[in-house]
Amino acid sequence: MVAVKPTDMVPSAGIKFFGAGTAACIADLITFPLDTAKVRLQIQGESQKVEGSSVVKYRGVFGTIKTMVRTEGARSLYNGLVAGLQRQMSFASVRIGLYDSMKQFYTRGTESAGIVTRLMAGCTTGAMAVAFAQPTDVVKVRFQAQVRVADGERRYNSTLDAYKTIARDEGVRGLWRGCMPNITRNAIVNCAELVTYDMIKELILKYDLMTDNLPCHFTAAFGAGFCTTVVASPVDVVKTRFMNSGNGQYTSAINCALTMLRNEGPAAFYKGFMPSFLRLGSWNIVMFVTYEQIKRGMTRAQQYWESPF
């Protein structure tokens, strides 16, 4: 792939907004089974406590996927996909698509952005995204966590039914369950993911290790995925447990974290680490590579449309 000079193509905020949501949906379609396996592993200790069983049902990433396919069918790996795509289209568009615009806002339009500015931009767009996309995340986690029993009974019958049932049984606030830990998680994830990708890519280009092409995007995305998993796993586990909990199970996200620590020990905060890394690493690679290509393609199309000759 031929490198493109930054001055030749400057994607608009609208292209970045749409491109980020589209790229995130494509990444979700490919990596969703890993995300479902991660959720099942994260809530496993909680399920054992509730059911009074000491039997470990899920072991490892691929063991979890194999068990789910055997006991619930292959479709169970995509439980909550509709809500997941709704989440990505509304969520990633804001937290990723508006990141560059927020950097410019904090730097008053200048191109020089330090680490503090990037962190502030990441925290801001992450919090903004959670503010209106939280219900889609709650429904996605509930679907991924539900296990289909022998008689076919399910907690929710459809995505729309899940929204209605949660709002009816738990109130509208139920759709924003876990909002604060999710804001915390996404502030951390956004900073680790976007800032790490931004800086790795910048360093690669600065020292002429690669040109601004596919290998560069792949390397930066892989590094961002690993750093994000290490930093965000504890908050991610608490978020998943709290959003999946019923009324009265936990009084707050902090209570959820303390209960986990008391009942399962510190290692509980890294339950599902391998599927988290496999998912975040592969998700970051697919998303960022696709995002860069969508931005480039849409900008070229826009330039051609405005100046066809």
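Numbers for the structure displayed
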| item | result |
| --- | --- |
| Some residue of the stretch 204-216 being of a type in the set (K, R) and surrounded by 19 or more Cβ atoms within 10 Å (Cβ to Cβ) | no |
| Criterion: over 22 Å from A27 (Cβ atoms) and either in a helix (DSSP H, G or I) or of a type in the set (A, V, I, L, M) (or both) - qualifying residue of T110, T125, T67 | T67 |
| Only listed residue being part of a helix (DSSP H, G or I), of a type outside the set (A, V, I, L, M) and more than 20 Å from K38 (Cβ to Cβ), chosen from F218, F242 | F218 |
| Selection status of K49, at pLDDT below 85 and either part of a loop (DSSP other than H, G, I, E, B) or aromatic (F, W, Y) (or both) | no |
| Residues within the stretch 261-278 that are assigned to a helix (DSSP H, G or I), open to solvent by 20 Å² or more (accessible area, probe 1.4 Å) and touching a residue at least 24 places away in the same chain (Cβ under 8 Å), tallied | 8 |
| Answer residue from the stretch 245-260, given it is within 22 Å of the chain's Cα centre (by Cα) and part of a helix (DSSP H, G or I) and is surrounded by the fewest Cβ atoms within 10 Å (Cβ to Cβ) among those | I254 |
| Checklist (1) closer than 24 Å to R241 by Cα; (2) in a helix (DSSP H, G or I); (3) open to solvent by 20 Å² or more (accessible area, probe 1.4 Å) applied to V139, failing item | (3) |
| Neighbours by Cβ (under 6 Å, 6+ apart or cross-chain): first from the stretch 228-255, in contact (Cβ under 8 Å) with a residue 12 or more places away in the chain; second open to solvent by less than 20 Å² (accessible area, probe 1.4 Å) and of a type in the set (G, A, S) | T228/A192; T229/S276; V231/A192; S233/S276; K239/G178; F242/G178; M243/G178; N244/A145 |
| Search result, residues across the stretch 217-232 that are open to solvent by 10 Å² or more (accessible area, probe 1.4 Å) and touching a Gly at 6+ places or on another chain (Cβ under 9 Å) | F222, F226 |
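The values are calculated or read from the model by the stated rules, or taken from the named source; none is laboratory data. Computed from a predicted structure; not experimentally measured. Neighbour counts run over all protein chains shown; Cβ positions are idealised from the backbone, glycine included. Just the protein is used for accessible areas: all its heavy atoms, side chains included, with ligands, DNA and RNA removed. Shrake-Rupley method; radii C 1.70, N 1.55, O 1.52, S 1.80 Å.
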